[in-house]
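Visitor: Below you'll find the structure I mean.
The values are calculated or read from the model by the stated rules, or taken from the named source; none is laboratory data. Please read these numbers as outputs of a predicted model, since none were measured by experiment. Note that each Cβ is placed from the backbone with ideal geometry, even for glycine, and that neighbours are counted across all protein chains shown.
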Amino acid sequence: MLAVLAMAFVMFSGFWTDLLWYRSVSFSSVFTTTLWTKIGLFFVFGLLMAVAVGVNVWLAHRLRPPLSAMSMEQQNLDRYRMGIAPYKKWILLAITALVGLIAGASAASQWRTWLMWVNGVPFGQKDPQFHMDVSFYAFELPWYRFLLGFGFAAAVLSVLAAALTHYLYGGLRITSPGARATAAATGHLSVLLGVFVALKAVAYWLDRYGLAVKSSDFKATSNWTGLRYVDANAYLPAKTILFCIAVICALLFFATLWRRTWQLPVIGFGLMVLSAILIGGLYPAIVQKFQVQPNEQAKEAPYIQKNIDATRKAYGIDGVTPVDYSGKGAVKDAEKQRTDADTAASYRLNDPNVVSPTFQQLEQERTYYQFPRTLDVDRYKGQDTVIGLRELNLAGVDKRNWINDHFTYTHGYGVVAAKGTATDPDSKGAPQFTESGLPAGGDLGTYEQRVYYGEKTHQYSIVGGPQKELDYEQDGGSQKTTSYRGKGGVDLSSPLNRAAYAVSFNEPQILYSGAIGKGSKILYNRTPKERVEAVAPWLTIDGDAYPSVVNGRIQWVVDAYTTSNGYPYASRTTLGDTTADSLNEGDNQRAVVAQQNQVNYIRNSVKATVDAYDGTVKLYTWDDKDPVLKTWKKAFPGTVLPEKDIPQDLKEHLRYPQDMFKVQRQLLSLYHVTAPQQFYNASDAWQVPNDPTKKDNSAVPPYYLSLQMPDQSGRQFSLTSTFTPSGRPNLRAFMAVDADATSKDYGRIRLLRVTEDKVDGPEQVQNKLNSITPVADFIRDMKGADSTVLYGNLLTVPLDKGFLYVEPIYAQGRNSEYPLLRKVAVSYGDKTGFADNLSDALNQAFGVDGAQSARPGPPQKPGGETPPQNPTVKDALGDAQKAFDDGQTALKEGDWEAYGKAQDRLQDALRRAEDAQAAAGDKKGADAGADAGKDGSGAGKGDTSAGKGGAGGG
């Protein structure tokens, strides 16, 4: 009895702790809806299966022949019948209970399928073959297939159970002479076989619609979905014919209730099997061989067009039209082209995939803190910012024990942020931090700095009770303590709760530890991905949650997707494979999904946030037109907030998600083609190039970057990527999506198709840069100094019909644990630059001497003699010269904000000089001075707009 009670309490503990957790995050409706759905499906289908098998066993026993009519074979089984006779009711109950439990458990796992079926809303789009709404394939067909599978299982189990019972009680004979079955057994089993064949008829009918979502290998894609010529003209009529034959065969089986012979049903069943082989297998093969293959392109063209249209619609790329773009670059005045380069993009010099060790070394502060391997990129004050949280790392705690691990060291502390486009001039290549220190201080203002929930926080913590937590260590080693006061976590004051968690976490100390008392709470499920997946199990979560400081709180922003595998004609993709690149391979925190699930419809329908202090989860509607989201909102009402509830401060940090972009770029490598003939020939197939900075042949990641596309009037925060022709390294296309959630063009994908044949792709550019003498000498010198050279993100930017490549290069010394920016490499067409900073590298690439750029100065007489100046003009021009020099210094450092301020001062000084000169009656001199200054400030205007126009990303 004690063992039974213990097992019962273990089961109860799992249920109770789950309920407490969902209550703590205010999503208990998700838990109860899911639970009751599973319970309902379990009991309904478990009971149906138990009744189906039990009734047929009972009926077979009821129809047994009298003992006197049994043959010698059956009389030999008498001892078995006698042995089970006293227990037959219990045996029957055990058998039915077992099959019921198995069937119920299987049905309970279909809770998503049930909820989609019962809550499904129409897509408003029809498939081109059967003219059924897409919702039929996405929501209804999966449920009908489950019901069909359940029916087959029930029929097969019933036939086996009834046949065994008939044999045991004499209704069936195997070796005895005479009739093999009694009339009652014949009728009973025939009806069951008739039900089975009738279900097969239903399967043939559903298979007709299943052709619209059937996958196959075809030409350039291994995940082709939908009907092809042979499906529409052979398999489809074959399924219809087989449906009719199966219906007739089922009726013949039912007719044995009157005829009491299996002759006709057996003949009918044999005809159905033969028809399935000939009509369902041989005939389509003949059509494919003799009708399709001789003229395949023409035969398949209409079906290829349907696949192209459906695929582009299902992945949200139907509005993408490639625009021709030379790629070679225009021949222009070098000074003008150099100015254009300044305004073309905000170039990120701090690669978030490289500088994490630098953050760790300079800002870790204590060994029990850590930063993620790949930092994130956000936008603050109009600049791109590399950002990371100082999260808890228990491996760095000197003394590990249960109290320290779960009571003392409970949270990380503070944000560390650095400018994306600049390095600290005083630290020889380290990031220029805008938020740093412990506690952190800087540009982000005042905010709650404690990080109880983060990407690296996997252990549970018990907080808020009598045991104080270590908040942070101050300079000198003194410790500051705290006690959690957030609303997150589950209360442990109740003995029942403590006992339940002691069992669930297999930690008996939770039950009796004196460190737990009034106010104690347990925090677990602490990563943003875990929390969003738990409260919305119907969503697929993006692999890269990123932190933002919003309204005085650190909020993790999590992109979430609604997906389907039932969009007719749309080719499928495997999310795990499609979203893998050089940044997330081997990094579990950045894997989009654990399982390699296939989808053929995806929308970024939900933006979620997780508060880093109290773990509050909020789901916001982002695509209110998505029918899949509408379906799940009907199933779980009130769980997803409307888009209007998104705070404006938060919206400024939302961006286009990387995994969505990766899926779309993978599809566009084939589906940028809209002509069936060209798609069939695969003459313009593209591929995502390998990351040239890595050696593992992994795909180049997309980069967040503020840039100006050819049809844009200014720079826009974007997510970008490149394509090369299939099997070749040349650049074939450039893709960018408007990634700023506050932009009216958010989500618009622009695709530049390179028309020139010999435009260098990323790998070729990397090889070219490595081969130039300054780079080769630098690498040799670094190796001679026992340093490691690390390449940063190779950024690609459209510029004057060509592409400008910018790459930061880092060096990490043998005794240094972190990389520092040492050089910047630039390539434009056949021009290259390699210097200590971006400005000098661009000057080299375009053949411009930065020192010869126009500077403001005193106006000159025709003969070159300086005219006399009054003191006011002289002071104003001196201020202009100082502003110009400050601007050039800021430009070299990549400090766009300071650069913009310097240009404003320059313009003000020039206006003062002009006004003073005019007042003195020397208008000619003032005009000359203004013209000279404006030559220097024109680029400044562009650069200022560039600095203010947005920030790059990582």
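Visitor: Consider Ser706 against the criteria (1) surrounded by fewer than 20 Cβ atoms within 10 Å (Cβ to Cβ); (2) of a type in the set (S, T, N, Q); (3) closer than 25 Å to Val806 by Cα: it satisfies all of them except one. Which criterion is unmet?
Guide: (1) is the only condition that Ser706 fails.
Visitor: Please state which one of Leu164, Leu206, Leu227 is touching a Phe, Trp or Tyr at 6+ places or on another chain (Cβ under 7 Å) and part of a helix (DSSP H, G or I).
Guide: Details: Leu164 fails: touching a Phe, Trp or Tyr at 6+ places or on another chain (Cβ under 7 Å); Leu227 fails: part of a helix (DSSP H, G or I).
Among Leu164, Leu206, Leu227, only Leu206 is touching a Phe, Trp or Tyr at 6+ places or on another chain (Cβ under 7 Å) and part of a helix (DSSP H, G or I).
Visitor: Being more than 14 Å from Ile749 (Cα to Cα) and in contact with a Lys or Arg (Cβ under 8 Å, 6 or more places away or on another chain) is the filter here; which residues of the stretch 706-717 pass it?
Guide: Listed by number, the list holds a single entry, Ser706.
Visitor: Taking Thr256 as meeting all but one of (1) assigned to a helix (DSSP H, G or I); (2) more than 28 Å from Ala162 (Cβ to Cβ); (3) among the polar types (S, T, N, Q), write down the number of the exception.
Guide: (2)
Visitor: Give the residue, chosen from Val292, Val266, that is closer than 30 Å to Thr225 by Cβ and part of a helix (DSSP H, G or I).
Guide: Details: Val266 fails: closer than 30 Å to Thr225 by Cβ.
That would be Val292, the only listed residue that is closer than 30 Å to Thr225 by Cβ and part of a helix (DSSP H, G or I).
Visitor: I've got another one for you. Return a yes/no flag: does the stretch 716-727 have any residue that is in contact (Cβ under 8 Å) with a residue 60 or more places away in the chain and assigned to a loop (DSSP other than H, G, I, E, B).
Guide: Looking for residues that are in contact (Cβ under 8 Å) with a residue 60 or more places away in the chain and assigned to a loop (DSSP other than H, G, I, E, B), one finds none in the stretch 716-727, hence no.
Visitor: Let me ask something additional. Can you say whether Arg715 is modelled with pLDDT of 95 or more and either buried (at least 23 other Cβ atoms within 10 Å of the Cβ) or under 22 Å from Val765 (Cβ atoms) (or both), as far as the supplied structure shows? Spell out the reasoning first.
Guide: Values: modelled with pLDDT of 95 or more: no; either buried (at least 23 other Cβ atoms within 10 Å of the Cβ) or under 22 Å from Val765 (Cβ atoms) (or both): yes.
Against the criterion (modelled with pLDDT of 95 or more and either buried (at least 23 other Cβ atoms within 10 Å of the Cβ) or under 22 Å from Val765 (Cβ atoms) (or both)), Arg715 does not qualify.
Visitor: Additional query: Among the helices (runs of 4 or more DSSP H) lying completely within the stretch 615-696, list those that include at least 1 residues that are in contact with a helix residue (DSSP H, G or I) (Cβ under 6 Å, 6 or more places away or on another chain).
Guide: Details: elements: 627-635, 648-651, 658-671, 676-681.
Helices (runs of 4 or more DSSP H) meeting the threshold: 627-635, 658-671, 676-681.
Visitor: Quick check on my filter: what residues within the stretch 760-789 are of a type in the set (A, V, I, L, M, F, W, C) and buried (at least 21 other Cβ atoms within 10 Å of the Cβ)? Steps first, answer last, please.
Guide: Let us first name the residues in the stretch 760-789 that are of a type in the set (A, V, I, L, M, F, W, C), namely 765, 769, 772, 775-776, 778-779, 782, 785, 789.
Answer for the stretch 760-789, where residues must be of a type in the set (A, V, I, L, M, F, W, C) and buried (at least 21 other Cβ atoms within 10 Å of the Cβ): Val765, Leu769.
Each row is one residue, and each column tells you yes or no for (1) in contact (Cβ under 8 Å) with a residue 60 or more places away in the chain; (2) surrounded by 19 or more Cβ atoms within 10 Å (Cβ to Cβ); (3) closer than 20 Å to Asp127 by Cα.
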{"position": "Asp309", "(1), (2), (3)": "yes, no, yes"}
{"position": "Gly319", "(1), (2), (3)": "yes, no, yes"}
{"position": "Gly327", "(1), (2), (3)": "yes, yes, no"}
{"position": "Val331", "(1), (2), (3)": "no, no, no"}
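Visitor: Continuing with this model, one more query. Report those helices (runs of 4 or more DSSP H) wholly inside the stretch 67-125 carrying at least 2 residues which are at pLDDT 80 or above and of a type in the set (Gly, Ala, Ser).
Guide: Values: elements: 72-75, 78-84, 88-108, 111-119.
Helices (runs of 4 or more DSSP H) meeting the threshold: 88-108.
Visitor: While we're looking at this one, here's another question. Just checking, which of Ala675, Ala608, Ala591 is modelled with pLDDT of 95 or more and of a type in the set (Gly, Ala, Ser)? Reasoning before the result, please.
Guide: On the way: Ala675 fails: modelled with pLDDT of 95 or more; Ala591 fails: modelled with pLDDT of 95 or more.
None of the other options fit; the residue is Ala608.
Visitor: Additional query: Just to verify a result, which residue in the stretch 435-449, among those that are in contact (Cβ under 8 Å) with a residue 60 or more places away in the chain and touching a strand residue (DSSP E or B) at 6+ places or on another chain (Cβ under 6 Å), is farthest from Ser548 (Cα to Cα)?
Guide: Going through the qualifying residues, I end up with Leu438.
Visitor: Something else now. Those residues that are β-branched (Val, Ile, Thr) and assigned to a loop (DSSP other than H, G, I, E, B), I need them from the stretch 439-456; list them, please.
Guide: If we filter the stretch 439-456 for residues that are β-branched (Val, Ile, Thr), which is where we start, we get 446, 451.
The one that is β-branched (Val, Ile, Thr) and assigned to a loop (DSSP other than H, G, I, E, B): Thr446.
Visitor: If you don't mind, there's one more thing I want to ask. Scan the stretch 389-419 for residues that are touching a Pro at 6+ places or on another chain (Cβ under 8 Å) and assigned to a strand (DSSP E or B) and jot them down. So that I can check it myself, show each step before the final result.
Guide: Step one: of the stretch 389-419, the residues touching a Pro at 6+ places or on another chain (Cβ under 8 Å) are 389, 391, 413-415, 418-419.
Scanning the stretch 389-419 gives Leu389, Glu391, Tyr413, Val415, Ala418, Lys419.
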